[in-house]
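One structure is given below, encoded as structure tokens.
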Amino acid sequence: MDVPQPGPGEILIRVVAAGINNTDIDTRIGWYSKSVGQGTGAGGAKAFESVKDADATWSGKAMEFPRIQGGDCCGHIVSVGRDVAPARISERVLVRNMLRGYVDYRPYECWAFESECDGAFAQFAVALARATTIPELGQ
């Protein structure tokens, strides 16, 4: 896959470490789909037989493939999009895996870092600049 490019208000991170969290697992087995009415062992994995299931993710939008998972991300900023200070390049950051941001007073299209948008199981990941923290400063 190509290296993603940060858009306005976004940063490009060179991923140093990534971890699995419950949203990675729940997304893979189709847990967020309305078609799952029982425990995941009773058929949740079949939820993505139809990608048109619009309730398959946190936001209620249909899952888009390919999708890079990996909800827990840390790394270094290597590029910034418009409206992000270039001084942030080289910062070590963590990504909040629930990207609750707004663009023009409407919810940002990417909610869960590993299900509605690509996550950290890659060499590079894009995230909202305001959804990152600098670990050594505890921000």
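The values are calculated or read from the model by the stated rules, or taken from the named source; none is laboratory data. Everything numeric here is computed off the predicted structure, so don't read it as measured data. Areas reflect the complete protein model, heavy atoms only, side chains present, ligands, DNA and RNA absent. Shrake-Rupley method; radii C 1.70, N 1.55, O 1.52, S 1.80 Å.
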Next on the checklist: With the structure loaded, tell me whether ARG88 is modelled with pLDDT of 90 or more and of a type in the set (Lys, Arg) or whether it fails that test.
Outcome noted: yes
Checklist entry - Take the residues of the range 1-15 that are open to solvent by 50 Å² or more (accessible area, probe 1.4 Å) and not hydrophobic (A, V, I, L, M, F, W, C): which is farthest from GLY71 (Cα to Cα)? => result PRO8
